[in-house]
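Just below is one structure, and these are the notes that go with it.
Please treat every number below as a calculation from the coordinates, not as lab data. From a predicted model like this one, the values you see are computed outputs, not experimental measurements. Please note: Cβ atoms are built from the backbone with ideal geometry, for glycine as well, and neighbour counts cover all protein chains shown.
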Amino acid sequence: MPEDVKQDFNEARQIVDDSPKAAAALLRLAMEKLTQDLTGKEGQSLYQNIGDLVDDGQIDERVQQALDSVRVTGNDYVHAGEIYNPDDREVALRLFELVNIIVELTITREKLIEEAYSDIPENKKKGIEQRDN
């Protein structure tokens, strides 16, 4: 998990019992930062970043749904007068699970695969490239 995303995640974890709505908003912010890292584009909304990731084939429909769940829930919690769910803590805890899944699918697995592939000797990689061309 990128350090700036981790900081927001950990802060949300520290406050979830006292303020689940604030925790949800922080998790939404963390996903905005993560999607900026993944797209390489700053200054766009989380909504736009998710769309770009889908268009570029970087995320599948399930990750998109998880990101939109965090986005919409976090948005609803920060807009005055909107009540999302009577059990705010349970909703916030579910968002933590979604964020962990999103990070697992977009960063952790990719990094593991890249590291494993980079360990393959160059002559073996050339054989793989020949097979695939």
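At a glance:
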{"quantity": "Neighbours by Cβ (under 6 Å, 6+ apart or cross-chain): first from segment 63-77, within 14 Å of Asn49 (Cβ to Cβ); second in a helix (DSSP H, G or I) and among the small types (Gly, Ala, Ser)", "calculated": "Gly74/Ala24; Gly74/Ala25"}
{"quantity": "Residues of segment 106-130 that turn out to be touching a helix residue (DSSP H, G or I) at 6+ places or on another chain (Cβ under 9 Å) and outside any helix (DSSP H, G or I), as a count", "calculated": "1"}
{"quantity": "Identity of the residue in segment 105-133, closer than 30 Å to Met31 by Cα and of a type in the set (D, E, K, R), that ends up surrounded by the most Cβ atoms within 10 Å (Cβ to Cβ)", "calculated": "Glu110"}
